[in-house]
Amino acid sequence: MADMADITADALDDHFLAELGQQFRVDAVRATSHAGSGHATSSMSAADLMAVLLARYLRYDFDWPGHPGNDHLILSKGHASPLLYAAYKAAGAVTDEELLSFRELGSRLEGHPTPRLPWVDVATGSLGQGLPVGVGVALSGRRLDPMPYRVWVISGDSEMAEGSVWEAMEHAGYEGLANLTLIVDVNRLGQRGPTRHEWDLDAYARRIRAFGWHTVECDGHDPASIDAAYSEALSVSDRPTAVLARTMKGRGVAAVQDREGMHGKPVPDAEEAVGELGGVRDLRVEVRRPGAATAPRVPHGVEADLPRYEAGEQVATRNAYGQALAAVGRDRRDIVALDGEVSDSTRSEYFAKEHPDRFFECYIAEQELVATAVGMQVRGWTPFVSTFAAFLTRAHDFLRMAAVSRAGLSVAGSHAGVSIGEDGPSQMGLEDLAMFRAIHGSTVLYPCDGNATARLVAEMADGEGLRYLRTSRGKSPVIYDPAERFPVGGSKLLRSSEEDRLTVVAAGVTVHEALAAADRLAGEGIPVRVIDLYSVKPVDAAALREAAERTGCLLTVEDHHPEGGLGDAVLDAFTDGRPAPRLIRLAVENMPGSATPEEQLREAGIDAEAIAAAVRRHVAASGAAAA
């Protein structure tokens, strides 16, 4: 142990802060070396930045992670997790023994931080996400539940190349988020070599100031300089602040300091490095706790007076979504809605007009749109995110990381499939079902009429994890009674008889095509079963298995590419080893152009006539085989 005689435990003492920074470096070296992997050098560059923050500025009750007044610390450069864990150790939140469980099976101290640790708000490590999410947390404290907490985001300089960072810069600057401080660890080196701007702090400052931020530069290894920078950040009351700190990667160990090729590795000789850093320390920091704060009221359960549509009425499911969202927002004060400048198309404008204080326009920045929602749910809000289904592909990594963060939010993608018509393929969401189905723990819903949509919006408000609702642009006839229930994981049997020759499984717009085909085929003496598989994930496996047993063949029809959509979802019901039925799949396999919705469905081979033709071929082939 280092000689502690001349080290004061007073967090206001610069000598103590310097020693605390060295302790963080030592612990990063020890943790990564014990694990045999990890990012030691990236942790060492930001050690002094973390030391001053933890000891002098952070307001946090580690015994009560859910304290509504707690500051929020987001380590955007999540690969530097050893630094974060070293800080938790200094705060008394984890033991030295747990620190050395870094990256081991079952350990809470994963290679990149996740909310398995109660003090971690969101998972980080996919670079360029910490600041965008931090904007959502800070925005909550300004517009939704005014609180004195501050959001601190520690970022690496390499991730400043990510476009999502600049979406966040624009959003935070526009909103004047003075409760947000970005700390950029400018250590000059990325994974494979120098960063674009290396140590040119002014290059970063010019760009950041252009987005309406205040900037301050400092020596990232001088506690007094860091302290002055943080103090200046707190004094700015009309805009966010970026602290640009010049640091050295691998600071304090000659074998790795400012050297290329050392990224993502333990130091070559841990014992020598610890000695060079002055030995193992056990300094503790009494982190200041926040003042009293009132938690926002978060009601549970939906008893909303949902919109009701009469049978035969023509209703676009996007309209039903907007009207239902406004109704749920009337009942639930925790509901917030966010849109990417298409609210007049997604119909989230209904919510915006009725609840303007809980509506957030994120403009055409889909990554920031999703990240803001993730940040808001950290504060206990229940976000609904709306944009075109096609544009959500831009935000896929944020959706993926939302699942890693155990985040709870609802997403609505409108204008899905070729059925949108003349706008053409750039506007058609034809990959969205596959994208959302692939996300861990997700729920994927695709209603076919207004009443089903309204009920599913209410289901989403009470759901967990990532929930996706696919809506359609065009109007379709209402087929369900307003009192009908639509549980997640369910389906609806719309046509059936003892003589059914085949089961058509459809969702959304193709349900109506399937019903039209069934009626046409019935007139030809070919009865078919029709299932509305409105819950695409999880699927109603029991209903699909029963249909397969009774009819022997399932025909799936979807306004989506064949990969990963409805057909693959149906196959999931038959992956338990039991015999699978014959499966016929109709999906969008062509590259659409511009045409009317009816022409698009016909050209894609997913309209009523295409379904009927596929059934006739199956019946003919079955008859020939029997003969």
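The values are calculated or read from the model by the stated rules, or taken from the named source; none is laboratory data. Given the structure is predicted, the values throughout are model-derived calculations rather than measurements. Here the Cβ positions follow ideal geometry from the backbone for every residue, glycine too, while neighbour counts run over all protein chains shown.
Number of residues in the range 397-432 that are within 16 Å of the chain's Cα centre (by Cα) and outside any strand (DSSP E or B) equals 13.
One residue stands out in the range 268-284 among those that are in contact (Cβ under 8 Å) with a residue 40 or more places away in the chain and of a type in the set (Gly, Ala, Ser): the one that is farthest from residue 188 (Cα to Cα), namely 279.
Within the range 433-464, the set of residues being closer than 18 Å to residue 323 by Cβ and part of a helix (DSSP H, G or I) comprises 450, 451, 452, 453, 454, 455, 456, 457, 458, 459, 460, 461.
Is it the case that some residue within the range 246-267 is assigned by TED's automatic domain parsing to the domain that holds residue 43, more than 19 Å from residue 187 (Cα to Cα) and touching a residue at least 12 places away in the same chain (Cβ under 8 Å)?
no
Residues in the range 28-36: is at least one among the aliphatic types (A, V, I, L, M) and surrounded by fewer than 24 Cβ atoms within 10 Å (Cβ to Cβ)? The answer is yes, given that some residue of the range 28-36 is among the aliphatic types (A, V, I, L, M) and surrounded by fewer than 24 Cβ atoms within 10 Å (Cβ to Cβ). Could you list, in sequence order, the residues of the range 494-520 that are farther than 24 Å from residue 416 by Cβ and either of a type in the set (Gly, Ala, Ser) or under 34 Å from the mean Cα position of the chain (by Cα) (or both)? Once the filter is applied, which keeps residues that are farther than 24 Å from residue 416 by Cβ and either of a type in the set (Gly, Ala, Ser) or under 34 Å from the mean Cα position of the chain (by Cα) (or both), the range 494-520 yields 496, 497. Among the residues of the range 532-548, are any in the same structural domain as residue 326 (by TED's automatic domain parsing) and among the acidic types (Asp, Glu)? Checking the range 532-548: not a single residue is in the same structural domain as residue 326 (by TED's automatic domain parsing) and among the acidic types (Asp, Glu).
Among the residues of the range 163-206, just one is part of a helix (DSSP H, G or I), touching a strand residue (DSSP E or B) at 6+ places or on another chain (Cβ under 6 Å) and either touching a residue at least 60 places away in the same chain (Cβ under 8 Å) or among the acidic types (Asp, Glu) (or both), namely 172. Among the residues of the range 153-167, write down those that are crowded, with 24+ Cβ neighbours inside 10 Å and farther than 13 Å from residue 77 by Cβ. Passing the criteria: 164, 167.
Any chance you could count how many residues in the range 67-91 are part of a loop (DSSP other than H, G, I, E, B) and either at pLDDT below 95 or more than 21 Å from the chain's Cα centre (by Cα) (or both)?
In the first step, residues of the range 67-91 are kept if they are part of a loop (DSSP other than H, G, I, E, B); the result is 67-71, 76-77, 91.
With either at pLDDT below 95 or more than 21 Å from the chain's Cα centre (by Cα) (or both) added as a condition, the list becomes 67-71, 91.
Looking only at that region, the number is 6.
Checked against the criterion of being surrounded by fewer than 24 Cβ atoms within 10 Å (Cβ to Cβ) and acidic (Asp, Glu), the range 500-508 has at least one qualifying residue. Within the range 414-436, which residues are more than 24 Å from residue 571 (Cα to Cα) and either outside the structural domain of residue 456 (by TED's automatic domain parsing) or in contact with a Leu (Cβ under 7 Å, 6 or more places away or on another chain) (or both)? If the condition is that a residue be more than 24 Å from residue 571 (Cα to Cα) and either outside the structural domain of residue 456 (by TED's automatic domain parsing) or in contact with a Leu (Cβ under 7 Å, 6 or more places away or on another chain) (or both), then 419 is the only one that fits.
Given the structure, is residue 230 touching a residue at least 12 places away in the same chain (Cβ under 8 Å), buried (at least 20 other Cβ atoms within 10 Å of the Cβ), aromatic (Phe, Trp, Tyr) and out of contact with any Pro (no Cβ under 7 Å at 6 or more places or on another chain)? The answer is yes for residue 230.
Checking the range 51-72 against the condition returns no match, with no residue being out of contact with any Phe, Trp or Tyr (no Cβ under 9 Å at 6 or more places or on another chain), touching a residue at least 40 places away in the same chain (Cβ under 8 Å) and either over 19 Å from residue 289 (Cα atoms) or of a type in the set (S, T, N, Q) (or both). Mind checking whether some residue in the range 381-396 is of a type in the set (D, E, K, R) and within 15 Å of the chain's Cα centre (by Cα)? Yes, the range 381-396 contains at least one residue that is of a type in the set (D, E, K, R) and within 15 Å of the chain's Cα centre (by Cα). Residues that are out of contact with any Pro (no Cβ under 9 Å at 6 or more places or on another chain) and closer than 21 Å to residue 501 by Cβ were ranked within the range 572-591; the one that is surrounded by the most Cβ atoms within 10 Å (Cβ to Cβ) is 573. In the set (1) assigned to a helix (DSSP H, G or I); (2) among the aliphatic types (A, V, I, L, M); (3) more than 30 Å from residue 424 (Cβ to Cβ), the condition left unmet by residue 304 is number (1). Applying the condition of being among the polar types (S, T, N, Q) and within 24 Å of residue 420 (Cβ to Cβ) to the range 348-380 and asking which residue is farthest from the chain's Cα centre (by Cα) yields 348. A residue that is under 13 Å from the mean Cα position of the chain (by Cα), in a helix (DSSP H, G or I) and farther than 29 Å from residue 265 by Cβ occurs nowhere in the range 141-162.
Within the range 327-353, residues that are under 13 Å from residue 306 (Cβ atoms) reach partners that are aromatic (Phe, Trp, Tyr) with beta carbons closer than 6 Å, at six or more positions or on different chains, in the pairs 329/351.
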